[in-house]
Amino acid sequence: MNMKIIPKHTAVIMDGNGRWATKSGMSRVKGHKQGVYALLELIDLAIEFNLPCVSLYAFSTENWKRPEKEVKAIFFLLTEFFNTYLKSILDKDIRILHSGDKRQIYPDVVKKINKAVELSETNRGLTVNLCIDYGGKSELVRAFNRLFCKLQKQEIQEINEQEIEKELYTYPLPPVDLLIRTGGEKRLSNFLLWQSAYAELYFTDTFWPDFGKDEFINALDWFAHRQRRFGSV
Ligand code: IPE
Ligand code: IPE
Ligand code: MG
């Protein structure tokens, strides 16, 4: 693998848990459970490959449309994830960030998220930005509302790109260099819309629970060979 050009910020749309499970006659929830193992493996690989930062799409603002049973199961798995792995996450010097709207998330899950963010605040290894109840559009609406208040209070004189970026959940993370989507769909599904303006997009048919080391190396290798022009020649 060409390790000279590594993405400063890798975003992953972890899609295909449900189809992974149903193709083997299992419940969709079983797929999400298996998805957590893939997530843990990805975190270890990111450390192994010296990536500074990964953003992981765990639950979108649109995912509330799913049956309540599935939504509850996903949040239960997130709670279990923190209960079981927070200690080893801290031992690995990982810094946890959260992007998303905390107002609708179950209070006990919010507590777990806040605790993970607080306890890992001074860690300087891999940054793992967990995107839970995250939507790119609602993030921008929130940013514009906050800017509107700042304008009224004359804390800022104008709205520009820098001021918008300061109001995003992801501030001060760098823009997304590489965006990976598993599960075969070629769409962004409202993920990091602003931050991915110049991201390289890697799509694979592999369902998330099957995404492992070989495929991750493929994606990073593919990224290393992209010619990034950013509008220039
Ligand atoms: C992605 O897998 C995980 C979440 C949205 C939480 P899906 O649940 O969307 O799996 P598919 O796309 O239905 O196979
Ligand atoms: C995107 O997957 C959200 C997450 C992976 C958390 P979805 O399965 O919700 O996206 P759509 O509905 O296929 O666009
Ligand atoms: Mg899906």
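The values are calculated or read from the model by the stated rules, or taken from the named source; none is laboratory data. Small disclaimer: the values here were computed from a predicted structure and weren't measured. As a convention, Cβ positions derive from the backbone with ideal geometry for all residues, glycine included, and neighbour counts pool all protein chains shown. Only protein heavy atoms, including side chains, enter the accessible area calculation; ligands, DNA and RNA are left aside. Shrake-Rupley method; radii C 1.70, N 1.55, O 1.52, S 1.80 Å.
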Checklist entry - For segment 132-215, what mean projected area does the convex hull of the alpha carbons give, in nm²? => result 6.5
Next on the checklist: Using the Cα centre of segment 104-233 as origin and beta-carbon charges of +1 (Lys, Arg) and -1 (Asp, Glu), tell me which of Tyr198, Leu173, Leu140 is placed farthest towards the positive end of the dipole.
Outcome noted: Leu140
Checklist entry - If you take the Cα atoms of segment 48-182, find Rg, then find the Kirkwood Rh from the mean of 1/r over all pairs, what is Rg/Rh? => result 0.99
Checklist outcome for this item: Of His32, His9, ordered by accessible area with the largest first and a 1.4 Å probe, the sequence is His32, His9
Checklist entry - With charges only on Cβ, +1 for K and R and -1 for D and E, what is the dipole size of segment 14-68 about its Cα centre, in debye, rounded to 20? => result 400
Next on the checklist: Give me the dipole magnitude in Debye, nearest 20, for segment 103-185 about the Cα centre, with unit charges on the beta carbon: positive for Lys and Arg, negative for Asp and Glu.
Outcome noted: 320
Checklist entry - Tell me, what is the 1.4 Å probe accessible area of Tyr198, in Å² to the nearest 10? => result 120
Checklist entry - Say the dipole of segment 1-130 comes from +1 at the beta carbon of Lys and Arg and -1 at that of Asp and Glu; which of Ile105, Val128, Ile89 then lies farthest toward its positive end? => result Ile105
Item to check | Under 19 Å from the Cα of Lys111 - lysines, other chains or at least 8 residues apart | outcome: Lys72, Lys87, Lys102
Item to check | Estimated FRET transfer efficiency when R0 is 35 angstrom, pair Val141-Leu77 (beta carbons, to 0.05) | outcome: 0.80
Item to check | Cα→Cβ-extended label distance, 7 Å offset, between Arg103 and Asn160, nm | outcome: 3.1
Checklist outcome for this item: Taking Lys and Arg as +1 and Asp and Glu as -1, residues besides Phe230 with C-beta under 15 Å from its C-beta add up to +1
Item to check | Sequence-distant residues sharing a close amide H with Ser55 (under 5 Å, placed H) | outcome: Thr10, Ala11, Val12, Asn129
Checklist outcome for this item: Here, GluC sites (Glu not before Pro) of segment 1-91 satisfying both criteria (DSSP loop; at most 14 other Cβ within 10 Å) are Glu62
Checklist outcome for this item: With all protein chains present, the chain has a carbon and sulfur share of its accessible area (1.4 Å probe) in percent of 52
Checklist outcome for this item: Note: the chain, point scatterers on Cα, Debye, no solvent; log10 I/I(0) at q = 0.09, 0.14, 0.16 Å⁻¹ equals -0.38, -0.94, -1.22
Next on the checklist: Let me check I've understood the local charge: for Ala116, count other residues with C-beta under 11 angstrom from its C-beta, Lys and Arg +1, Asp and Glu -1. What total comes out?
Outcome noted: +3
Item to check | Sorted peptide list for 102-113, 145-156, criterion being average Cβ within 10 angstrom, highest first | outcome: 102-113, 145-156
